[in-house]
Amino acid sequence: MCKAFDDLMQEERRNGRKEGMERGIEKGLEKGIKKGKKEGKKEGKKAERLGIIGRMKKEGLEEAQIIRLTRCTKEEYAAAPGI
């Protein structure tokens, strides 16, 4: 009877561990997806901003004027596509 009880307890522990791992993976994926969306939006806004700066460059606006109007940094100005 003790052996049967021990075997049952071991199986229940395995099932508990498996269930815990599955829940942990689900929560981790949910957090990753939320973070991914946030990072994706941030990258999209950055790309849009650089695109605007690039179009301003192509239109012939001066560097100082673009920086003043967009409030971008010199690094953003340099990173933007242009001429």
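The values are calculated or read from the model by the stated rules, or taken from the named source; none is laboratory data. No experiment lies behind these values; they were computed from the predicted model shown. All Cβ positions, glycine included, derive from the backbone under ideal geometry; neighbour counts span all protein chains shown. Remember, those area values only see protein heavy atoms, side chains included, never the ligands or the DNA or RNA. Shrake-Rupley method; radii C 1.70, N 1.55, O 1.52, S 1.80 Å.
Normalised radius of gyration (Cα atoms, divided by 2.2 N^0.38 Å) for the chain: 2.34. Rounded to the nearest whole Hz, the Karplus-based 3J(HN,Hα) values (6.51 cos²θ - 1.76 cosθ + 1.60, θ = phi - 60°) of the stretch 68-75 follow the sequence 5, 6, 8, 6, 8, 8, 5, 5, with x at glycine and proline. A dipole drawn for the chain from +1 and -1 charges on Cβ atoms has a positive end, and of Gly51, Leu69, Phe5 the residue lying farthest that way is Leu69.
Calculated mean residue ellipticity, 222 nm, the chain: -30000 deg cm²/dmol, from DSSP H runs (n ≥ 4) at -39500 (n - 2.57) each, averaged per residue and rounded to 500. With all protein chains in place and a 1.4 Å probe, the accessible surface of the stretch 34-83 carries 53 percent carbon and sulfur. Phi-derived couplings, Karplus 6.51 cos²θ - 1.76 cosθ + 1.60 at θ = phi - 60°, listed residue by residue for the stretch 23-31: 5, x, 5, 4, 5, x, 5, 4, 5 Hz, with x used for Gly and Pro. Placing a pseudo-label 7 Å from each Cα along the Cα-to-Cβ vector at Ile33 and Lys3 gives an inter-label distance of 4.7 nm.
Among Glu43, Glu22, Glu11, the largest mean-square fluctuation in a Gaussian network model of the chain, built with springs joining Cα atoms closer than 10 Å, belongs to Glu11.
Average accessible surface for the chain: 90 Å² per residue, computed with a 1.4 Å probe over protein heavy atoms with every protein chain in place. All other residues whose Cβ lies under 13 angstrom from that of Leu29 are scored, Lys and Arg at +1 and Asp and Glu at -1, for a net of +3. A 1.4 Å probe, protein heavy atoms only, puts the accessible area of Leu61 near 60 Å².
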